[in-house]
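> Take this structure first; my questions come after.
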Amino acid sequence: MGLFRLTCYAYRKDYHRHIFSHPMACRADVRHENTKRKYNGGETRFFRVENVHRYFMYASWPIIPFFFYDVYVSITYKGFAELSLGSIILLINAIFVTLYTFSCHSLRHVTAGGGAECFGCVFNQSQPRSSARWGGFFRFQSALNRHHEALAWTSLSLLIFVDLYIRALGVHMFPNIILIH
Amino acid sequence: MADREVTLSIFRFDPEKDKEGRFVDYKVPTVEGGMVVLDAVRYVQEKIDTTLAIRWNCKAARCGSCSAEINNRPALMCKTRIDTLGDRITVAPMRAFPVIRDLVTDVDENYRIMSKIPKFTVRKELMNPEAEGKKHQDVWRIQQINVERAKEFKKCIECFLCQDVCHVVREHKSGYFGPPRHIVKAASLDMHPLDIVNRAKFLNEEGGLGYCNITKCCQEVCPEHIHITDNAIIPEKERAVDLQYDPLMHAIKRRLMKKRGETVA
């Protein structure tokens, strides 16, 4: 999951801008413009590794059901169903992580049909309905993909928050508020 | 009616007289309601210094001629309102290109790069569909979803602001074609259903696609709001991954391309 995030197109923008400062900003007076400054080669040298982003994406898919399993366990671990604030937070976290994973640019290319040269041609021209459905999925995924960066940061913040929240509950820092008993 | 006065600091450079350029200040009265930077620069040219050279044409953000760096940010002069800026406005030419005079730059390099991109190559059977007993209107029909994908790139007005803002083109001599115009052009051809050439490998090897590090400045400055990075560069990078880094996808892609009679440029 960590490697999936490290090679993500949304995070690439952030760390290339703010850690490597290539460029720091778009405005010429803000960024450190210096033609003599050596360029790290973008994604041609070490960062070529980012090209295998889609394999990290495949690796992250099996992890997603465990987030929802956690929600299930948090509701039923006492032997009866009980909805607490913690379960709601876990559910929100699971939804955001899922949305982040499925709004990925690589998924858009590989699965949603972005890599197809032609929608109607690849998926059998004699069945325009199937290509139309595929097109609909591509449109939906593209709409999700537009918010990939926001989803990336929201889900990362949530992940950290949830870990701290569960830890705090574990050491009885505050009680887990029960909503439905 | 003159509303307030702004100081316009315009870059001046005359190759016959000057060794290097300098900024000259001009006081320009502004008018309330929709006055743009181009109006102010034209005021200077008409009323204060007629030797000022600028390139402009439509004044409607359609022709892409009046590209400049306004307060150090690449923008169209005709689309930047004075009332969104402060009392002191700097106007400089696009620094990624050689200056011909004052605000006019030589953008020929872009057209030279453009001519290198493999041309639109239509499938052979489409040229003579009657031979296979099909009608012209059937084989040339394009589905709406395919039209939508390529249509976005056709909005490009060739202002070359994206090329100007790109840090790879601007600061490093890397041989990168630049995001803007050229990758967008190649992507529009690659996503065309009737075209049979895959340009991703060509872009990666000769166009220096790998130099782009997805920092999205080109997308930020595009006056036509084309999603340059999200819809053109990243799909092209993914296509290059298909052909060069991903053995699994390469095998699938090779079969599909063989089926469709596609070639790799």
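The values are calculated or read from the model by the stated rules, or taken from the named source; none is laboratory data. None of these values were measured; they are calculated from a predicted model. With ideal geometry, Cβ positions are generated from the backbone for all residues, glycine too; neighbour counts draw on all protein chains shown.
> Quick one: would you say residue B:92 is in contact (Cβ under 8 Å) with a residue 24 or more places away in the chain and outside the structural domain of residue B:196 (by TED's automatic domain parsing)?
Spelling it out, residue B:92 is indeed in contact (Cβ under 8 Å) with a residue 24 or more places away in the chain and outside the structural domain of residue B:196 (by TED's automatic domain parsing).
> May I pose another question? Is it the case that residue B:155 is within 15 Å of residue B:236 (Cα to Cα) and at pLDDT 85 or above?
Considered against the rule, which asks whether it is within 15 Å of residue B:236 (Cα to Cα) and at pLDDT 85 or above, residue B:155 comes out as no.
> For the stretch B:196-209, which residues satisfy the criterion of being touching a residue at least 12 places away in the same chain (Cβ under 8 Å) and out of contact with any strand residue (DSSP E or B) (no Cβ under 7 Å at 6 or more places or on another chain)?
B:199, B:200, B:202, B:203, B:204, B:206, B:207, B:208, B:209, listed by residue number.
> When you go through B:193, B:129 one by one, which is the residue that is at the interface with chain A (Cβ under 8 Å from one of its Cβ atoms) and either out of contact with any Pro (no Cβ under 9 Å at 6 or more places or on another chain) or within 27 Å of residue A:17 (Cα to Cα) (or both)?
One residue alone meets the criteria, B:193.
> Further, regarding this structure: Determine if the stretch B:124-145 includes at least one residue that is under 29 Å from residue B:74 (Cβ atoms), in contact with a Ser or Thr (Cβ under 9 Å, 6 or more places away or on another chain), surrounded by fewer than 23 Cβ atoms within 10 Å (Cβ to Cβ) and in contact (Cβ under 8 Å) with a residue 12 or more places away in the chain.
No, the stretch B:124-145 contains no residue that is under 29 Å from residue B:74 (Cβ atoms), in contact with a Ser or Thr (Cβ under 9 Å, 6 or more places away or on another chain), surrounded by fewer than 23 Cβ atoms within 10 Å (Cβ to Cβ) and in contact (Cβ under 8 Å) with a residue 12 or more places away in the chain.
> Moving on. What is the number of the single condition among (1) buried (at least 18 other Cβ atoms within 10 Å of the Cβ); (2) part of a helix (DSSP H, G or I) that residue B:201 does not meet?
Of (1) buried (at least 18 other Cβ atoms within 10 Å of the Cβ); (2) part of a helix (DSSP H, G or I), only one is false for residue B:201: (1).
> If a residue must be of a type outside the set (S, T, N, Q), surrounded by 12 or more Cβ atoms within 10 Å (Cβ to Cβ) and in contact (Cβ under 8 Å) with a residue 24 or more places away in the chain, how many such residues does the stretch A:162-178 contain?
Of the residues in the stretch A:162-178, 5 are of a type outside the set (S, T, N, Q), surrounded by 12 or more Cβ atoms within 10 Å (Cβ to Cβ) and in contact (Cβ under 8 Å) with a residue 24 or more places away in the chain.
> Moving to a separate point now. Which of the residues that make up the stretch B:82-114 are under 14 Å from residue B:12 (Cβ atoms) and of a type in the set (Gly, Ala, Ser)?
Correct list: B:92 only.
> Just to be sure, is residue B:241 within 28 Å of the chain's Cα centre (by Cα), within 8 Å of another protein chain (Cβ to nearest Cβ) and without any contact (Cβ under 8 Å) to a residue 12 or more places away in the chain?
For residue B:241, the condition - within 28 Å of the chain's Cα centre (by Cα), within 8 Å of another protein chain (Cβ to nearest Cβ) and without any contact (Cβ under 8 Å) to a residue 12 or more places away in the chain - is met.
> Got a number for residues in the stretch A:142-161 being touching a Ser or Thr at 6+ places or on another chain (Cβ under 7 Å) and either part of a helix (DSSP H, G or I) or exposed (fewer than 14 other Cβ atoms within 10 Å of the Cβ) (or both)?
Total satisfying the criteria: 4.
Rundown of residues vs (1) in contact with a Leu (Cβ under 7 Å, 6 or more places away or on another chain); (2) surrounded by 11 or more Cβ atoms within 10 Å (Cβ to Cβ); (3) more than 23 Å from residue B:221 (Cβ to Cβ); (4) of a type in the set (Val, Ile, Thr), yes/no style:
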{"site": "B:14", "(1), (2), (3), (4)": "no, yes, yes, no"}
{"site": "B:35", "(1), (2), (3), (4)": "no, yes, no, no"}
{"site": "B:44", "(1), (2), (3), (4)": "yes, yes, yes, yes"}
{"site": "B:47", "(1), (2), (3), (4)": "no, yes, yes, no"}
{"site": "B:61", "(1), (2), (3), (4)": "yes, yes, no, no"}
{"site": "B:69", "(1), (2), (3), (4)": "no, yes, no, no"}
{"site": "B:77", "(1), (2), (3), (4)": "yes, yes, no, no"}
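> How many residues, within the stretch A:8-23, are more than 9 Å from chain B (Cβ to nearest Cβ) and either at pLDDT 90 or above or within 11 Å of the chain's Cα centre (by Cα) (or both)?
2
> Checking residue B:210 against (1) more than 10 Å from chain A (Cβ to nearest Cβ); (2) closer than 17 Å to residue A:12 by Cα, which test does it fail?
(1)
> Are any of the residues in the stretch A:66-82 surrounded by 13 or more Cβ atoms within 10 Å (Cβ to Cβ), closer than 25 Å to residue A:145 by Cα and not acidic (Asp, Glu)?
yes
> In addition: Inside the stretch B:1-76, counting only strands (runs of 3 or more DSSP E) that do not spill past its ends, which hold 2 or more residues that are basic (Lys, Arg)?
B:2-12, B:22-31
> Could I ask something else about it? Take residue B:27 and tell me if it is farther than 20 Å from residue B:76 by Cα and out of contact with any strand residue (DSSP E or B) (no Cβ under 6 Å at 6 or more places or on another chain).
It is false that residue B:27 is farther than 20 Å from residue B:76 by Cα and out of contact with any strand residue (DSSP E or B) (no Cβ under 6 Å at 6 or more places or on another chain).
> When you go through (1) in a helix (DSSP H, G or I); (2) among the aliphatic types (A, V, I, L, M); (3) over 18 Å from residue B:97 (Cα atoms) one by one for residue B:142, which number turns out not to apply?
Against the list (1) in a helix (DSSP H, G or I); (2) among the aliphatic types (A, V, I, L, M); (3) over 18 Å from residue B:97 (Cα atoms), residue B:142 comes up short only on (1).
> Would you check which residues across the stretch B:177-194 are assigned to a loop (DSSP other than H, G, I, E, B) and at pLDDT below 70 and list them?
B:177, B:178 - these are the residues of the stretch B:177-194 that are assigned to a loop (DSSP other than H, G, I, E, B) and at pLDDT below 70.
> Additional query: Regarding the stretch B:113-123, can at least one residue be identified that is more than 11 Å from every other protein chain (Cβ to nearest Cβ), outside any helix (DSSP H, G or I) and buried (at least 20 other Cβ atoms within 10 Å of the Cβ)?
Yes: the stretch B:113-123 contains one or more residues that are more than 11 Å from every other protein chain (Cβ to nearest Cβ), outside any helix (DSSP H, G or I) and buried (at least 20 other Cβ atoms within 10 Å of the Cβ).
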